[in-house]
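Undergrad: Right, I'll just put the structure down here and ask away after.
The values are calculated or read from the model by the stated rules, or taken from the named source; none is laboratory data. Here the structure is a predicted model, which means the values were calculated and not measured. No Cβ is skipped: glycine too gets one built from the backbone with ideal geometry, and neighbour counts run over all protein chains shown.
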Amino acid sequence: MVTRLTVTSAVLRGCLIASIVTSTAAFSGNADAGNFFNGESLYKQYCQSCHGNRGQGMIGGAPNFARGQGLMKPDALLYETIDRGKNAMPAFRGVLKEEEFYDVITYIRTFYR
């Protein structure tokens, strides 16, 4: 009976996680995944000099993406930060197209493992 309860709990936990992921995608402002390869290219062009080649943060105040800093938030909030800028980071509104914001977000999320 204990084993069956554990399996049932694991199944329920998996369903809950799937539900949360699905809900987050629906409310993120963009349910489609960004283009990793375009995000990599854009990151190298606009972000790497301050955030480092693997997101480790090269200048003071830049989050260390490799440690998950700044990434534990929905895509919509990351989009807003890139769009408006933050602290020493300039705004990229008018520089990047909407889908390019999500391409960069998709790419930087790969730094944290």
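Undergrad: Mind checking whether some residue in region 99-113 is under 15 Å from Gly34 (Cβ atoms) and in contact with a strand residue (DSSP E or B) (Cβ under 9 Å, 6 or more places away or on another chain)?
TA: yes
Undergrad: From the list Leu42, Leu77, Leu16, which residue is at pLDDT below 95 and outside any loop (DSSP other than H, G, I, E, B)?
TA: Within the list Leu42, Leu77, Leu16, the selection yields Leu16.
Undergrad: If I ask for residues that are among the charged types (D, E, K, R) and either surrounded by 17 or more Cβ atoms within 10 Å (Cβ to Cβ) or touching a Gly at 6+ places or on another chain (Cβ under 7 Å) (or both), which ones from region 55-98 would you list?
TA: So the first thing to find is which residues in region 55-98 are among the charged types (D, E, K, R), and the list is 67, 73, 75, 80, 83-84, 86, 93, 97-98.
Matches in region 55-98: Asp75 only.
Undergrad: If you don't mind, there's one more thing I want to ask. Which pairs do you get when a residue that is in the same structural domain as Leu77 (by TED's automatic domain parsing), found in region 92-103, comes within reach of a residue that is among the polar types (S, T, N, Q) and at pLDDT below 95, reach meaning Cβ atoms under 6 angstrom, with the pair 6+ apart or on two chains?
TA: Tyr102/Asn30
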